[in-house]
1. Looking at region 25-71, which of the residues that are open to solvent by 60 Å² or more (accessible area, probe 1.4 Å) and acidic (Asp, Glu) is farthest from the chain's Cα centre (by Cα)?
2. Quick check, is Cys22 under 17 Å from Leu85 (Cα atoms) and either in contact with a helix residue (DSSP H, G or I) (Cβ under 6 Å, 6 or more places away or on another chain) or in contact (Cβ under 8 Å) with a residue 40 or more places away in the chain (or both)?
3. When you look at Ala9, is it surrounded by 12 or more Cβ atoms within 10 Å (Cβ to Cβ) and more than 10 Å from the chain's Cα centre (by Cα), yes or no?
Amino acid sequence: MKPKYDTSAHCKYSLQYHIIWCPKFRFSVLNGPVADVLKDILASICETYHYEIKALEVTPDYIHIFLSAPQTVAPCDIAVSYTHLTLPTNSLV
């Protein structure tokens with residue numbers, strides 16, 4: 001199987017990132033309906049920013065996401081977009 005490369009004006013690339021998040025103090029809070037809602041939120045963020053989810057696993061105490069992003073997006077920007085957009089609205093006060 002040949003690897004799939006994305007193309008730009010003058011290059012071909014395949015950028016994939018493995019990002020892991022843990023809740024504060026690694027509390028087991030990401031189970032049941034919370035995990036389902038979180039998966040929906042992460043999928044909508046990917047759709048908005050044109051990322052492609054290769055793998056996503058939500059366990060009770062951490063989140064693994066393996067994704068592909070355009071070459072113009074820095075890995076820190078991906079993490080920031082996920083972190084800020086998944087915060088509860090009342091925690092911004």
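The values are calculated or read from the model by the stated rules, or taken from the named source; none is laboratory data. Model, not experiment: these values are computed from the prediction. Every residue, glycine among them, receives a Cβ derived from its backbone with ideal geometry; neighbour counts consider all protein chains shown. Side chains are part of the model used for accessible areas, which takes the heavy atoms of the whole protein and leaves out ligands, DNA and RNA. Shrake-Rupley method; radii C 1.70, N 1.55, O 1.52, S 1.80 Å.
1. Ranking the qualifying residues of region 25-71, first place goes to Asp36.
2. yes
3. So Ala9 fails the test.
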